[in-house]
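The next block holds one structure in the form of structure tokens; read it before the comments.
The values are calculated or read from the model by the stated rules, or taken from the named source; none is laboratory data. Since the structure is predicted, the reported quantities are computational estimates derived from the model, not experimental observations. In this analysis, Cβ positions are derived from the backbone assuming ideal geometry, glycine residues included, and neighbour counts consider all displayed protein chains.
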């Protein structure tokens, strides 16, 4: 069904969300896998694509049952900040447009362990770690602390607790926090003083903390509100997913050195997987 806003959707306990920008082929694989394995309604949001994505997915509606809408192209974290207050679902499964879910076992794990009131989400845990790898040399985040967060390509979140974080001034957006900028960049007026004290203690150990997308929300709910996140270490994600890493990064910024590379090879692999697993061919 074509909708104008997430608020147009009827309430559901669970909803999977895929956000597409100019990656219609790999997003098709992500969509078909989500429809097959999640057993939940799927919303695909196209953000001002120029590759014919919207018409492509509109045509797919004739064969597959999902919801489709357009939205402005924003920073990914800002898109999530916009999405959650409008989504009419108790739990939201965020699925990257370049990720293929491989089985329903991981989805059942997510659902089982978020049933408790003190658990705010489930997924794979990314970090913490020190950003001292060669690819970070010469960048503003070199030798900084990479703060623990959910692995955002596939994460299952309890909407009510995400709204609690957003309503207290937190955001999904990435933030680099330095000693000299802690008061000007880190928190909104809604945030209590103890939060600043908490981050001063971290900055006594590290001159810089990099909060990647979702890390600030995770930090607030896990370490300051003391909810829990049911998790598996990120390096094990390949047991349940196929992540075509960097496909969207390559589209958004060709100069991004962290884009995974091999875009043509990825496209060919995706075409093969679509045909062999879902009997889908372009054209």
Return the residues of region 236-278 that are at pLDDT 90 or above and not in a helix (DSSP H, G or I); say none if nothing qualifies. 240, 241, 242, 243, 244
Tell me, which residue of region 19-47 that is in contact with a strand residue (DSSP E or B) (Cβ under 7 Å, 6 or more places away or on another chain) and more than 17 Å from residue 104 (Cα to Cα) is surrounded by the fewest Cβ atoms within 10 Å (Cβ to Cβ)? 47
Among the numbered criteria (1) modelled with pLDDT under 90; (2) exposed (fewer than 12 other Cβ atoms within 10 Å of the Cβ); (3) outside any loop (DSSP other than H, G, I, E, B), which single criterion is violated by residue 202? (2)
Would you pick out the residues in region 53-87 that are closer than 17 Å to residue 161 by Cα and surrounded by fewer than 14 Cβ atoms within 10 Å (Cβ to Cβ)? 85, 86
Residues in region 172-187: is at least one assigned to a helix (DSSP H, G or I), over 21 Å from residue 96 (Cβ atoms) and modelled with pLDDT of 90 or more? no
For region 11-63, which positions are assigned to a loop (DSSP other than H, G, I, E, B) and within 18 Å of residue 82 (Cα to Cα)? 11, 21, 47, 48
Among the residues of region 213-221, is any buried (at least 16 other Cβ atoms within 10 Å of the Cβ), in a loop (DSSP other than H, G, I, E, B), touching a helix residue (DSSP H, G or I) at 6+ places or on another chain (Cβ under 6 Å) and modelled with pLDDT of 95 or more? yes
Residues of region 135-164 satisfying the condition of being assigned to a helix (DSSP H, G or I) and at pLDDT 95 or above: 159, 160, 161, 162, 163, 164
